[in-house]
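Some notes on the structure that comes next.
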Amino acid sequence: MSRPIWSSPWQPGPAAESSGGADPVTVNITEFTAHRPLDAAKVLVAGVMLRRTWPRTAGAVGMWLWMEAGPLRPRSGSVSLWRDRARLQDFVGRPDHLRIVRAFRDKGDLRSATWTSSESRPDVLWGPVHRILSGLDPWPLGPEVPEEGVAGP
C-alpha cells in the first residue's frame, strides 16, 4: 500500500502570466529518496528555501514541492514547469541549487525526468504527475517523455 503524496500549493513563477496555458512548457520532476529520515527533513527545508526564490526565477512558470513520508525511506522532490529547457538548465546551474545538490549527494538516491508538454495548466498537469509519483504510472525514461494527454508532439 502506498503512502499519500503531500504537495505544497502551486507556486507561480514570473513566466506564469506569459504562459497562459497555450504555449508548450518544459516539465521537470525530481525525486530524492533519503537514506535516513533526518536527511529527508533537511532536504525538504532546503527545497522550501529555494521555493522562496521562485517568484524571481527567470523562465519559471510554476512549481510544487512534494513529499511521501515514511519511517524508513521518505521521498520528496519537486515538480517544476519552465518556459524552455534552457531556463531549467540555468536554474540547475545556480550556485544556491548546486550547493544543495552537493551537500546531499551521498545522503540518498536522486532521479529526475524532463519532457516537453503541450499542456501548461497546473490543474491539468498535476493528475498525470501524481500518478507517476504514486507509482501508478511508470517513471519516465529518456530525454523526451511522451505522456498521453500531457506531452506535445
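The values are calculated or read from the model by the stated rules, or taken from the named source; none is laboratory data. The shown structure was predicted, so the numbers you read here are calculated from the model rather than taken from an experiment. Please note: Cβ atoms are built from the backbone with ideal geometry, for glycine as well, and neighbour counts cover all protein chains shown. To get the accessible areas, we keep the full protein, side chains included, count just its heavy atoms, and leave off ligands, DNA and RNA. Shrake-Rupley method; radii C 1.70, N 1.55, O 1.52, S 1.80 Å.
A single entry from VAL61, VAL48 fulfils the requirement of being out of contact with any helix residue (DSSP H, G or I) (no Cβ under 6 Å at 6 or more places or on another chain) and of a type in the set (A, V, I, L, M, F, W, C): VAL48.
Kindly indicate whether ALA103 is in a helix (DSSP H, G or I), open to solvent by 40 Å² or more (accessible area, probe 1.4 Å), among the small types (Gly, Ala, Ser) and free of Cβ contacts under 8 Å to residues at least 40 places away in the same chain.
Values: in a helix (DSSP H, G or I): yes; open to solvent by 40 Å² or more (accessible area, probe 1.4 Å): yes; among the small types (Gly, Ala, Ser): yes; free of Cβ contacts under 8 Å to residues at least 40 places away in the same chain: no.
Considered against the rule, which asks whether it is in a helix (DSSP H, G or I), open to solvent by 40 Å² or more (accessible area, probe 1.4 Å), among the small types (Gly, Ala, Ser) and free of Cβ contacts under 8 Å to residues at least 40 places away in the same chain, ALA103 comes out as no.
Taken over the stretch 135-149, the residue count meeting the criterion of being open to solvent by less than 50 Å² (accessible area, probe 1.4 Å) and either touching a Phe, Trp or Tyr at 6+ places or on another chain (Cβ under 8 Å) or modelled with pLDDT of 90 or more (or both) is 4.
Table: residues versus (1) closer than 19 Å to MET49 by Cα; (2) over 13 Å from the mean Cα position of the chain (by Cα); (3) open to solvent by less than 60 Å² (accessible area, probe 1.4 Å).
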position: LEU88; (1), (2), (3): yes, no, yes
position: ASP109; (1), (2), (3): no, yes, no
position: SER117; (1), (2), (3): no, yes, yes
position: VAL129; (1), (2), (3): no, no, yes
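Only a single criterion out of (1) open to solvent by less than 50 Å² (accessible area, probe 1.4 Å); (2) without any contact (Cβ under 8 Å) to a residue 40 or more places away in the chain is not satisfied by PRO95, namely (1). Mind listing whichever residues of the stretch 17-47 are farther than 17 Å from ARG105 by Cα, at pLDDT below 90 and open to solvent by less than 30 Å² (accessible area, probe 1.4 Å)? SER19, GLY21 - these are the residues of the stretch 17-47 that are farther than 17 Å from ARG105 by Cα, at pLDDT below 90 and open to solvent by less than 30 Å² (accessible area, probe 1.4 Å).
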